[in-house]
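Colleague: Structure incoming, see below.
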Amino acid sequence: MSTRPCVVAGRFYPARPEDLQAVISSCFAKAGGEAHTEAGTARDAAPNSSLDTPCMLMLPHAGYIFSAPVAAATLSNVQLPQTLIILCPNHTGYGRSRFGVWTQGTWETPLGAVPVDQDLAGRLAAHAPFADDRLCHLQEHAIEVQLPLLQFLCRDRQELSIVPVCIASHNLTDLGRAAQVVASEAGAGLRSGSIGILVSSDMNHYEDEKTTLRKDQAALDFVLAEDAEGLLACCARQGITMCGAGPMALGLLTLQALRTTPARSARLIAHTTSGQVSGDVERVVGYAGVRFYL
């Protein structure tokens, strides 16, 4: 049995369980079931009286002081499925595959262990371009930082299981092949709501806030239009450093492969930058949360 230990506890989020619980609880309390944009106004908020059931989410993955409020707003009033396929970028360059799947065991956080759905993970890894590859995940933070938030949301119910996938490709052909695999192996669960997709991505990196907000919006226009090819082309053309553009394209192509009838429109729940926390608006990172539907 393979265990993936937490590697960014104490850096991206608190290492002590009680401190971590308090930070997350505060973020959800401030979200209050209402979504906020960077201007502080409500946008597409889910009703407090019911739970929303998106089939795919995009959440940011920075240090909690910067990105957890956006993630909490996006997760507020959401009913999570039993299993989440979590698609993240490869920040480290490690790994033997550009579509690396962690296929068994558990992922640890200060709040406990999260089991991998070994059956689904193994079925994905059995088909190219996916492959069983733990190396790409060992030092990668983009999935780990999501897990305590998910654990907090699921604290009163049966454990959530995950399928961690680390992607280092913007090749539309390969992403399309991967999407067909996900649609084939997980399509029934995605349609029924027992399986969901989580895309872990930050937006533009390390430019001034005005430029970042402009570039973020250009990318988000394609994300919200659910146009994978347009998103990748826009990021390349405008130099938008959205780290999860490849994972997002894979998610969008998967939804496209599954749809037989018109879907509800994707919803931008929150969008801000690190400058709103740090006060430094000359070198910021953008963070956005989006919900998608079949």
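The values are calculated or read from the model by the stated rules, or taken from the named source; none is laboratory data. Quick caveat: nothing in here was measured; it's all calculated off a predicted structure. Here the Cβ positions follow ideal geometry from the backbone for every residue, glycine too, while neighbour counts run over all protein chains shown. Keep in mind that these areas ignore ligands, DNA and RNA; they rest on the heavy atoms of the full protein, side chains included. Shrake-Rupley method; radii C 1.70, N 1.55, O 1.52, S 1.80 Å.
Colleague: Could you list, ordered by first residue, the pairs with Cβ atoms under 8 Å in which the first is in region 189-214 and of a type in the set (F, W, Y) and the second is open to solvent by less than 10 Å² (accessible area, probe 1.4 Å) and modelled with pLDDT of 95 or more, at least 6 apart or interchain?
Modeller: Y206/V284
Colleague: Another question, then. Within region 176-213, how many residues turn out to be closer than 19 Å to V277 by Cα, out of contact with any Pro (no Cβ under 8 Å at 6 or more places or on another chain) and not acidic (D, E)?
Modeller: Count: 7.
Colleague: Quick one: E140 ticks every box in (1) part of a loop (DSSP other than H, G, I, E, B); (2) over 19 Å from P110 (Cβ atoms) except a single one, so which number is it?
Modeller: (2)
Colleague: Counting only residues that are part of a loop (DSSP other than H, G, I, E, B), in contact (Cβ under 8 Å) with a residue 12 or more places away in the chain and not hydroxyl-bearing (S, T, Y), which one in region 246-280 is most open to solvent (accessible area, probe 1.4 Å)?
Modeller: R264
Colleague: Now, a different point. Sort out for me the strands (runs of 3 or more DSSP E) sitting completely within region 50-124 that have 3 or more residues that are within 23 Å of R191 (Cα to Cα).
Modeller: Fully inside region 50-124 and qualifying: 56-59, 83-89.
Colleague: Out of A121, A126, A142, A113, report the one residue that is within 27 Å of G289 (Cα to Cα), open to solvent by 30 Å² or more (accessible area, probe 1.4 Å) and aliphatic (A, V, I, L, M).
Modeller: After ruling out the rest, the residue left standing is A113.
Colleague: Name the pairs whose Cβ atoms lie under 6 Å apart, with the first residue in region 128-156 and over 21 Å from F12 (Cα atoms), the second open to solvent by 10 Å² or more (accessible area, probe 1.4 Å) and β-branched (V, I, T), and 6 or more positions between them or separate chains?
Modeller: Qualifying pairs under 6 Å: D132/T103.
Colleague: Among the residues that make up region 161-184, is at least one of them farther than 30 Å from P262 by Cα, at pLDDT 95 or above and not in a helix (DSSP H, G or I)?
Modeller: Yes: one or more hits.
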